1. For B:LYS226, list the aspartates and glutamates whose Cα falls under 13 Å from its own Cα; do not include residues on the same chain fewer than 8 positions away.
2. Go through A:46-53, B:275-282 and give me the packing order, highest mean Cβ count within 10 Å leading.
3. Just tell me how shielded A:50-59 is by partners: mean number of partner chain Cβ atoms within 10 Å of each residue's Cβ, no decimals.
4. Give me the log10 of I(q) over I(0) for the range B:301-355 at q = 0.13, 0.19 Å⁻¹, as the Debye formula computes it from C-alpha points; what are the numbers?
5. If you take every residue apart from A:GLY43 with its C-beta less than 15 Å away from the C-beta of A:GLY43, what net charge results, scoring Lys and Arg +1 and Asp and Glu -1?
6. Kyte-Doolittle mean at least 0.5 and Cα extent at least 30 Å along the axis: which DSSP H helices of chain B qualify?
7. Counting only other residues whose beta carbon sits under 12 Å from that of B:LYS311, what net charge do I get with K and R as +1, D and E as -1?
8. Determine Rg/Rh for chain B; Rg is computed over alpha-carbon atoms and Rh is the Kirkwood hydrodynamic estimate from the same atoms.
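Every number here is computed from the coordinates shown, using simple stated rules; none is lab data. These figures come from a predicted structure and were not determined experimentally. When we count neighbours, we look across all protein chains shown, and the Cβ atoms used for this are built from the backbone with ideal geometry, even at glycine.
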Amino acid sequence: MNFMSSLEKRSKFLVFTVEECSSCGLKTKRAFQSGDYVYKEGGECTKCKGKTRINMIYSEKAE
Amino acid sequence: MIVRRMVLFELLQMLKLQGLLGQDSLIGLLLFWIPFIIFIFYGQRIQMWVSLSDVSRSLNKLKLMKEKSRKEAIDFIATFGKSKENLTEKIDQFLEYFTLLPVDLDPAGIVKKIEHVINVRDERVRAEIKRFVSSATDTQASNIENILEVATALNYYYKVVRHYYLLSKKTNSYFWVVQLQMVLPTVLQEAEALMGAIDAFKQSQPIGDGIGAMVVGKMMNEKEKKTVAKDTVMSESEYKGRVLYLIKAEGPGGNVGQPGNALTLLIEEMGIKIDAIIMIDAALKLEGEKTGEIAEGVGAIIGGIGVDRFKIEEVASKHNIPLYAIAVKQSIIDAISVMKKEIAETMDKVMGIINRIIEEKTKEGDKVVVIGVGNTVGVSQ
C-alpha cells in the first residue's frame with residue numbers, strides 16, 4: 001500500500017496546455033482538457049481575435 | 001541514541017570489572033565464538049534469507065503494478081461501452097500473447113524476417129482491438145494498443161522475476177538470488193516508468209519520447225501532408241534555398257510509424273537525390289545529466305527493435321548520405337510519462353540546431369530529409 005501511494009504521490013503533476021496566436025504571438029497557458037493535442041486549432045485570441053493553435057502540452061510539478 | 005550507547009558502555013565496564021568479560025571470561029568467549037561458528041556454517045543461508053526477503057518485497061511491488069495496469073486497461077476499454085465481465089477474460093488472454101523472433105543461427109537476411117514477424121504481430125493486435133471495441137477511432141485504437149502493451153510488459157516482468165525467485169528458493173541457490181537482486185533496481189525503475197505511461201495514453205497526452213515528432217510536426221504546420229508508409233506522413237518545405245522533406249509518425253494517435261520505409265520510398269522508389277539526413281529523437285540521460293539537455297552527433301538515432309535503424313543506415317550508406325543526429329536527453333521515466341516542461345521547452349532550441357546544421361552542412365539547392373522520431377501520442381502535424 002505504501003508503495004502504491006508513493007507512486008500516486010509521484011504522479012501529482014499538473015498538465016497544462018499552451019495556446020499561441022498565429023497573428024499576434026500571444027501565448028495562453030491553461031489546464032489540459034480532454035481532447036487537446038499539440039497543433040490542434042484552439043479558440044479565438046483574447047487580444048486580437050486571431051486564430052490560436054495549441055503549441056505545447058506539458059506537465060509541471062504541483063505546488 | 002547517545003544515552004543508549006553510554007548505558008551499554010557502563011554495563012560493559014561493570015561486567016569487565018567483575019571479571020565476567022575479558023580474555024579469560026566464559027561469557028566473553030560465548031559472545032564471540034558462538035556467533036562466529038554460526039556464521040561459518042550458516043552465513044550463506046542467512047545472507048540468502050536476507051536477499052530473498054529483499055527480492056520478495058520487490059516482487060510484491062511488481063505484482064501491485066501488474067494488477068493496477070491490468071485494471072486500468074479493463075476500465076479504459078470498458079468506457080467504450082463494453083461489459084467488464086466479457087472484457088476481463090479477453091484481456092487476460094491478450095496479456096499472455098507472445099512473439100517469437102526469428103532464429104539467428106544464420107543472421108543473413110534476418111532483418112526482413114524480424115520485420116515480417118513484427119508486422120504480423122501488429123496486424124493481429126489491431127484486429128484484436130477492433131474485436132474488443134469496433135467503434136473506436138484510429139487514435140483511440142492506438143491509445144488502447146499502447147495501454148495494453150504497458151499491461152503486457154508489466155505482466156511479463158512480474159512473471160519472469162517470480163520465476164527466478166521461485167527457482168532460487170527451490171534450488172537454494174544463493175547465486176541465482178544475488179543475480180536477481182542485482183538487476184531488480186533497474187527492472188523496478190522501468191516498471192515504474194511504464195506505470196507513468198498509462199495516464200498519458202489514457203488522456204492522449206504527449207510523452208517525453210515524442211519530442212522529435214513534436215519538432216518536425218511544428219515544421220509541418222500549414223504544409224500538405226501525404227502518407228508515405230504505415231502510420232507515417234511526409235511534407236515538403238523549404239529553408240534558405242534547400243528543399244526539406246519532413247517525416248514523422250502520424251498523430252495524434254500513439255504511433256511510431258515506419259521512418260525506415262518512408263526514407264527508402266523517398267530515395268529508392270521516388271529517386272530523389274538526398275544530400276543530408278537529420279534525425280531528432282529522445283535519448284536516455286546518464287545519472288547527473290539534466291533533463292532536456294541537447295546533444296548532437298552522427299548516426300541513425302532511432303530506438304526499437306532495429307528494423308527501421310537498419311533500413312535508414314542501409315539506404316544512407318548505399319547512397320553516401322551523411323546522417324546527423326540530435327538527441328534530447330531524458331530519463332526512462334520522463335520518456336514514457338507526460339512530457340515535462342523542460343523537454344517541451346527545448347523545441348525552439350532544437351529547431352535552431354536543425355537550421356544551423358542545414359546551413360553548415362548543405363548548400364543552396366540541396367535536398368535534406370528531417371525525421372522526427374518518437375511516439376506521436378497527443379502530437380498532431
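1. B:GLU236, B:GLU250
2. B:275-282, A:46-53
3. 6
4. So the normalised log intensities work out to -0.48, -0.86.
5. Value of the local net charge: +3.
6. B:26-78, B:174-203
7. Details: positive: B:LYS112, B:ARG309, B:LYS318; negative: B:GLU115, B:GLU268, B:ASP308, B:GLU313, B:GLU314.
Taking every Cβ under 12 Å from that of B:LYS311, the sum is -2.
8. 1.15
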